[in-house]
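Working notes, beginning with the structure itself.
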Amino acid sequence: MGLDLYQTFPAARRLFQEADEALDLPISRLCFEGPEETLRQTVNAQPAIMTVSLACLEAALAAGCLQERPAAFMAGHSLGEYTALVAASALTFPDGLRLVRERGRLMQEASERVPGTMAAIIGLPEDKVTELCDQTRAEVCNLNSPGQAVIGGTHEAVARAIEEAKTRGARHAIRLNVSGAFHTSLMRPAAEGMAEAVARTPFADAQVPIVANSTAQAITTAEAIRRELLEQFRRPVLWQRSVEYMIENGVTTFVEIGPGRVLTALIHRIDGSVDTKNIGDVPSIRREAESGDRPDG
């Protein structure tokens, strides 16, 4: 993960080296070589994904296929919100890395203390998903796009919800391969530790408005950012509403930066009329650079 960026772009290479120094951990080697089981541990996966995502951004800027800070807004899904804060200069990269590693450690610890899981529910409207959770003691974790939600809770509650979703007409109800029930009350044991981590981390006002996961509204001040990070830790990610908010406020082009194309697909489901671009590796960066189109939406 991210090796081609490291080998091709000096700016990305410097960022991986900075990550290793900030964490006093060879996170770059873990990204490039694994082992996958270790990389997938929440405490490692979160700083690794942030590092690769920001390496994509630095490489894209170096290649000239993005404006210097390309956005009317920035937003990220769950962990991606921290990456967006670094990109918006509200949080330094070393401080962001240390914060997300602590976030991952707290999440992993809470998951081991109170085991839980998550499931994707496809084909039910939001109100039906809420009713489903009310009746099964599961909780809504993500509202991603029309007809796509993620729920979480104890293994028993999620199992009941999966069975009930099928009887209610869901096209799919699929347990996810995750280590815990993130964005639910099962994360409450870690909330105090997260509050302490956020309190000791320096923040600045964002240079670009951030559309917050927990409210789907734009925020810029350091104080609002601190509140948001504690809220999104244990509340649902309102991704569909966040995208709709940006579109209502004039955004016509979305650029997904980082490994994978999950958000690009979700945005298409939310509104197929907007333009989307994905920058996740060297080929995609070269393709955008050769197109000569420098998105600034």
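The values are calculated or read from the model by the stated rules, or taken from the named source; none is laboratory data. Predicted, not measured: the structure shown is a model, and the values here were computed from it. Counting neighbours? That spans all protein chains shown, and the Cβs are built from the backbone with ideal geometry, glycine included.
Observations on the model:
- Highlighted here are the helices (runs of 4 or more DSSP H) found entirely within the range 234-297 that include at least 2 residues which are under 16 Å from residue 143 (Cβ atoms) and hydrophobic (A, V, I, L, M, F, W, C): 239-248, 262-270.
- Out of 131, 196, 164, 192, sole residue that is modelled with pLDDT under 95 and not in a loop (DSSP other than H, G, I, E, B): 192
- Screening 244, 196, 223, 228 for residues that are in contact (Cβ under 8 Å) with a residue 40 or more places away in the chain and among the acidic types (Asp, Glu) leaves exactly one candidate, 228.
- Subset of the range 155-178 [in contact with a helix residue (DSSP H, G or I) (Cβ under 7 Å, 6 or more places away or on another chain) and crowded, with 19+ Cβ neighbours inside 10 Å]: 157, 161, 165, 173
- When residues of the range 113-144 are limited to those that are within 20 Å of residue 216 (Cβ to Cβ) and of a type in the set (Val, Ile, Thr), the one surrounded by the most Cβ atoms within 10 Å (Cβ to Cβ): 121
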